[in-house]
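First the structure, in the form of structure tokens, and then the observations on it.
The values are calculated or read from the model by the stated rules, or taken from the named source; none is laboratory data. What you see is a predicted model, and the numbers here were worked out from it, not measured in a lab. Quick reminder, even Gly has a Cβ in these numbers, built from the backbone with ideal geometry, and neighbours come from all protein chains shown. Side chains are part of the model used for accessible areas, which takes the heavy atoms of the whole protein and leaves out ligands, DNA and RNA. Shrake-Rupley method; radii C 1.70, N 1.55, O 1.52, S 1.80 Å.
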Amino acid sequence: MTAEELQAIRELWNSTTPGNWEAVGMGSEGYNIYTDFGKPAPEQPFPGGRIAEVRGGRNWAELRANAEALGRAKRDVLRLLDEVERLRDVVRAVRAEAMAAYESEEEDIRAAGGALLFQLQQRGVWIKAGHANDDLIFEDEVPVEGGEIA
């Protein structure tokens, strides 16, 4: 998901009825979803304000699960959005560290490659590196004793 899509979801949930939501059973009638309007319990205990009613369903367990899911949805969705944001920050930080390490190692590799090319040239082996596919082309090859470069 894009940052804009996540922000739209956050804005939608932030525009809903404020406070903590809770499913409260109504006996055999189903469940009501109430909010405390974000006020402390002594000031506004449940049921504070009914925001939804859950009735029907194929069975009582399903009805209860639906009500509990709705009662927890706002809190859970906002927590999930916070976690997505936190994990994206972690990925950005790790990616930045990896790129810095790669650039540092790339410099080390280039230096080592330069030293290797120098040794080869000292022995009369000249190398041209192709840019299209990085194939190495040897010219005027000179045998190296023991197959290794000293």
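Under the simplified labelling scheme, the ALA69-GLU5 pair shows an inter-label distance of 2.0 nm, with each label point 7 Å from Cα along Cα→Cβ.
Counting Lys and Arg as +1 and Asp and Glu as -1, what is the net charge of the other residues whose Cβ lies under 12 Å from the Cβ of ALA3? Could you put the intermediate results ahead of the total?
Working: positive: ARG10, ARG88, ARG92; negative: GLU4, GLU5, GLU85, ASP89.
Around ALA3, the charge tally is -1.
Taking K and R as +1 and D and E as -1, what net charge do the other residues with C-beta under 14 Å from the C-beta of ARG79 add up to? Spelling it out: positives minus negatives among the neighbours equals +1. Residues THR17, THR35 ordered from highest to lowest accessible area at a 1.4 Å probe: THR17, THR35.
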